[in-house]
Amino acid sequence: MVRVKICGITNSEDAQLCVEAGADALGFIFVEGTPRYVGPAEARAIIVGLPPFVTPVGVFWDHAPGHVKAVAEECGLRALQFHGDEPPERLAGYQLPIIKTIKVARAEDLDAMSRYRVSAFLLDSPARWSEGEARAPIQWELARRAAASRLIILSAGLTADTVAAAVRVARPFAVDVNSGVEAAPGKKDPDRVRRFIASAKSTGAEIG
């Protein structure tokens, strides 16, 4: 079964929507100055209301380890995603599962995975952040190549209309979506969320 992470959660209503639709994980972006930034106190208020088997993931970008650990403890995070240019040594010493984002424009970009010892890799496009516009997907065939030997979370440009094809080609452990299920930056669209999760999970069940 393919897991689904809905990222860019900024409010309790969207969190509850995603949980009820079947999301396995919710992403909280702690990168200041970005469209979906959420402060630690706001995130904690949302996370305390999550059921036990929905994983809150904190997204960071080149933050100091001390800051990351403080936010993780305050909010009750259960996984950490690093989206910047963090070197492998910067990711040592955490007690939580680590997801490292790899920005993929060509096959050679996957070579960076060999440098890291983490729980999973999230494959994303090189574009920094979406302001609500559609993002270009990465090559799903490259993701499938990576998924043959590593735990892969597929991101970048996924929507309810494309996630089934992406899952069939890439065979990822999980898929991650943000702007593809939004009504506006930081606000999820209920219909898009429900259709995305249903499509991803039903396709994952088909292919085993």
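The values are calculated or read from the model by the stated rules, or taken from the named source; none is laboratory data. Computed from a predicted structure; not experimentally measured. For neighbour counting, all protein chains shown are included, and Cβ atoms are generated from backbone atoms with ideal geometry for every residue, glycine included.
Please count how many residues of the range 144-189 are in a helix (DSSP H, G or I) and without any contact (Cβ under 8 Å) to a residue 60 or more places away in the chain.
Result for the range 144-189: 12.
Going through the range 22-40 one residue at a time, which ones are of a type in the set (A, V, I, L, M), over 17 Å from D191 (Cβ atoms) and in a loop (DSSP other than H, G, I, E, B)?
V31, V38
Do we find a residue being under 21 Å from F173 (Cβ atoms) and in contact (Cβ under 8 Å) with a residue 60 or more places away in the chain anywhere in the range 32-42?
no
Only one of these conditions is not met by P40: (1) in contact with a helix residue (DSSP H, G or I) (Cβ under 7 Å, 6 or more places away or on another chain); (2) at pLDDT below 95; (3) not hydrophobic (A, V, I, L, M, F, W, C). Which number is it?
(2)
Pick from V163, V118, V175: which is under 13 Å from the mean Cα position of the chain (by Cα), at pLDDT 95 or above, surrounded by 15 or more Cβ atoms within 10 Å (Cβ to Cβ) and among the aliphatic types (A, V, I, L, M)?
Every option except V175 fails the conditions.
Hey, does the range 94-105 have a residue that's closer than 18 Å to A146 by Cα and among the polar types (S, T, N, Q)?
Yes.
Within the range 55-103, which residues are within 21 Å of R3 (Cβ to Cβ) and among the aliphatic types (A, V, I, L, M)?
Selection gives V57, V59, A72, L77, A79, L80, L96, I98, I99, I102.
For A15, indicate whether it is modelled with pLDDT of 95 or more, out of contact with any Lys or Arg (no Cβ under 8 Å at 6 or more places or on another chain) and within 16 Å of A79 (Cβ to Cβ).
Criteria met by A15.
Every residue in the range 160-185 that is over 25 Å from I98 (Cα atoms) and among the polar types (S, T, N, Q), please.
Across the range 160-185, the qualifying residue is only T162.
Which numbered condition trips up A183, out of (1) surrounded by fewer than 18 Cβ atoms within 10 Å (Cβ to Cβ); (2) closer than 25 Å to A21 by Cα; (3) at pLDDT 95 or above?
(3)
Checking R128 against (1) among the basic types (K, R); (2) farther than 30 Å from D161 by Cα; (3) surrounded by fewer than 14 Cβ atoms within 10 Å (Cβ to Cβ), only one condition comes out false. Which one?
That leaves (2) as the condition not met.
Based on this model, can you work out whether K69 counts as over 26 Å from A200 (Cβ atoms) and either touching a His at 6+ places or on another chain (Cβ under 6 Å) or of a type in the set (K, R) (or both)?
yes
Consider Y94 carefully, then state whether it is within 23 Å of S179 (Cα to Cα), in contact with a strand residue (DSSP E or B) (Cβ under 7 Å, 6 or more places away or on another chain) and not charged (D, E, K, R).
Answer is no for this residue.
Every residue, every condition in (1) assigned to a loop (DSSP other than H, G, I, E, B); (2) of a type in the set (F, W, Y); (3) within 22 Å of L91 (Cα to Cα), yes or no:
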{"position": "T10", "(1), (2), (3)": "yes, no, no"}
{"position": "E20", "(1), (2), (3)": "no, no, no"}
{"position": "E42", "(1), (2), (3)": "no, no, no"}
{"position": "P51", "(1), (2), (3)": "yes, no, no"}
{"position": "G66", "(1), (2), (3)": "no, no, yes"}
{"position": "V71", "(1), (2), (3)": "no, no, yes"}
{"position": "L77", "(1), (2), (3)": "yes, no, yes"}
{"position": "Q81", "(1), (2), (3)": "no, no, yes"}
